[in-house]
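The values are calculated or read from the model by the stated rules, or taken from the named source; none is laboratory data. All values reported here derive from a predicted model rather than from experimental measurement. No Cβ is skipped: glycine too gets one built from the backbone with ideal geometry, and neighbour counts run over all protein chains shown.
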Amino acid sequence: MTGLLCDTADMDALRELRIIAVREALGEVVGSDVIIETALQALLEGVESPNLPLLAGLGRQEESEAHDLFRRVADELDIAPPSPVDTESARWELVRWACEAVIEGKITPAWGGSLIWHDGWNELGCPDSVQGVVGAVSEFDDWSPSWEVDREHLRQQIVAEVERLLRGPWPPVIADALEDAVALWRLSPGYTADVIDAAVACLVGGADTPSLRLLAGASATDSQFVLEPLITETVAELGLLWRREPTQFAAMRAVARRYNSGVISAHDLTHWAHEFIGHEGDERCQVFVELDDIFDVEMEHDALDLQQRPEVDAFLAGRPSPMEAQAVRVNPPPTNTAPTRFKFLRFGRRKSAP
């Protein structure tokens, strides 16, 4: 049943109740005192539902009833997430609420940033677009009086990163897709259509800048000379955290993300790495080039996927290659034994980064 609202009801009150419903749907136990206080504020701001006055009027000795009453209120106001809950969408909603609450001064930058970090970034697979907020909160938490920067400056840096996140398309992973497409395009113009599609997705996601419109309306047959200034201006206008890694590394990360999302297969990834990275390419990407060599001779498709999955996870998280670590622990083969192709790849053909 949909609850009735006074014409003067403040929609902020509904938003606060909605966020509590989202947090509970994600498995978080929100304090009864927080629920009661939020219900009272909603009631004072004109929100109406049959059980809302009962919830707002609970005393300290009646707090155990708060969660049951809140569920009734959420149903009456139709603010509960649909069941089964879309976890990813719900978490992005929580992140947006935290961002807006920080800007509006309803919660401190440190608390809001920590919420974005732990309940958003950690649970959403560490999206690049939220990295700036996480980094700012980390510096704020680690601050020491011996630092040459004032802690208030770091607090304002959290606010600046939150503002940047809100200025971009929503959810912010849309911007990550645009950065991935551009990274691939810089290696091959064959990805022009991917860039244009990602720009269109940004427009649909709520971002709107002059260059983004032009990029979304570009043709897949346009030359790099036409697209390059549009891409550069779009990135600047959206305030994206443009990756400063070398082109091959950024493109490899884009392909690894596509593999993780199921868009391409394990063989597609290693074949791409061999073609666009090669044995003389970025050292950090060599494990995927070598897996392509091994696959051609010794591995079946399923075996490649099992070997590659932890490599991709480590690569995206910035951890050392599991295969590299294993190779370090393996004793060198006896001198009278010819090395297998695998051992040759691991011990004999490492290249320095150009």
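For Glu93, indicate whether it is buried (at least 18 other Cβ atoms within 10 Å of the Cβ) and out of contact with any His (no Cβ under 9 Å at 6 or more places or on another chain). I'd like the intermediate steps shown before the answer.
Working: buried (at least 18 other Cβ atoms within 10 Å of the Cβ): yes; out of contact with any His (no Cβ under 9 Å at 6 or more places or on another chain): yes.
Answer is yes for this residue.
Pairs needed: first member in segment 20-40, closer than 19 Å to Asn51 by Cα; second member anywhere, surrounded by fewer than 17 Cβ atoms within 10 Å (Cβ to Cβ) and among the hydroxyl-bearing types (Ser, Thr, Tyr); C-beta distance under 9 Å; at least 6 residues apart or different chains.
Going by the 9 Å Cβ cut-off, the qualifying pairs are Ser32/Ser64.
What's the number of the only condition in (1) more than 18 Å from Ala254 (Cβ to Cβ); (2) not in a helix (DSSP H, G or I) that Leu124 fails to meet?
The single condition Leu124 does not satisfy is (1).
Determine, yes or no, whether Arg186 is in a helix (DSSP H, G or I), charged (D, E, K, R) and under 22 Å from Gln248 (Cα atoms).
On the way: in a helix (DSSP H, G or I): yes; charged (D, E, K, R): yes; under 22 Å from Gln248 (Cα atoms): yes.
Yes: the conditions hold for Arg186.
Could you count how many residues in segment 248-293 are of a type in the set (Val, Ile, Thr), modelled with pLDDT of 90 or more and not in a helix (DSSP H, G or I)? Spell out the reasoning first.
Within segment 248-293, the subset of a type in the set (Val, Ile, Thr) is 255, 263-264, 270, 277, 287, 289.
Imposing the further condition that a residue be modelled with pLDDT of 90 or more reduces the set to 255, 270, 277, 287, 289.
Next, only the ones that are not in a helix (DSSP H, G or I) stay: 277.
Selection size over segment 248-293: 1.
Mind listing just one residue for me: the one in segment 147-176 that is farther than 20 Å from Ile103 by Cβ and modelled with pLDDT under 85 and, of those, nearest to the chain's Cα centre (by Cα)?
Val173
Given the conditions (1) in a helix (DSSP H, G or I); (2) touching a Lys or Arg at 6+ places or on another chain (Cβ under 9 Å); (3) outside the structural domain of Trp185 (by TED's automatic domain parsing); (4) surrounded by 14 or more Cβ atoms within 10 Å (Cβ to Cβ), report the number of the one that Leu203 does not fulfil.
With respect to (1) in a helix (DSSP H, G or I); (2) touching a Lys or Arg at 6+ places or on another chain (Cβ under 9 Å); (3) outside the structural domain of Trp185 (by TED's automatic domain parsing); (4) surrounded by 14 or more Cβ atoms within 10 Å (Cβ to Cβ), Leu203 is out only on (3).
Out of the residues in segment 146-160 meeting the condition of being without any contact (Cβ under 8 Å) to a residue 40 or more places away in the chain and of a type in the set (D, E, K, R), tell me which one is surrounded by the fewest Cβ atoms within 10 Å (Cβ to Cβ).
Glu148
What number of residues within segment 24-70 are part of a helix (DSSP H, G or I) and within 30 Å of the chain's Cα centre (by Cα)? Even if it seems obvious, please write down each step before you answer.
At the first step, the residues of segment 24-70 found to be part of a helix (DSSP H, G or I) are 24-25, 32-44, 52-56, 60-70.
From what's left, within 30 Å of the chain's Cα centre (by Cα): 24-25, 34-35, 38.
Number of matching residues: 5.
Do we have Val130 as surrounded by 14 or more Cβ atoms within 10 Å (Cβ to Cβ), at pLDDT 90 or above and either among the hydrophobic types (A, V, I, L, M, F, W, C) or not in a loop (DSSP other than H, G, I, E, B) (or both) here?
On the way: surrounded by 14 or more Cβ atoms within 10 Å (Cβ to Cβ): yes; at pLDDT 90 or above: no; either among the hydrophobic types (A, V, I, L, M, F, W, C) or not in a loop (DSSP other than H, G, I, E, B) (or both): yes.
Spelling it out, it is not the case that Val130 is surrounded by 14 or more Cβ atoms within 10 Å (Cβ to Cβ), at pLDDT 90 or above and either among the hydrophobic types (A, V, I, L, M, F, W, C) or not in a loop (DSSP other than H, G, I, E, B) (or both).
Can Pro82 be described as within 33 Å of the chain's Cα centre (by Cα), in a loop (DSSP other than H, G, I, E, B) and of a type outside the set (A, V, I, L, M)? If you could, list the steps in order and put the result at the bottom.
On the way: within 33 Å of the chain's Cα centre (by Cα): yes; in a loop (DSSP other than H, G, I, E, B): yes; of a type outside the set (A, V, I, L, M): yes.
Taking the combined requirement at face value, the residue satisfies it.
Exactly one of (1) more than 11 Å from the chain's Cα centre (by Cα); (2) under 25 Å from Leu238 (Cα atoms); (3) modelled with pLDDT under 90 is unmet by Gly113. Its number?
All conditions pass for Gly113, except number (3).
Do you know which residues across segment 93-114 are of a type in the set (S, T, N, Q) and either over 14 Å from Ala160 (Cα atoms) or touching a Gly at 6+ places or on another chain (Cβ under 6 Å) (or both)? Don't jump to the end; show me each part of the working.
Within segment 93-114, the first condition is being of a type in the set (S, T, N, Q), and the residues that meet it are 108, 114.
Listed by number, the list holds a single entry, Ser114.
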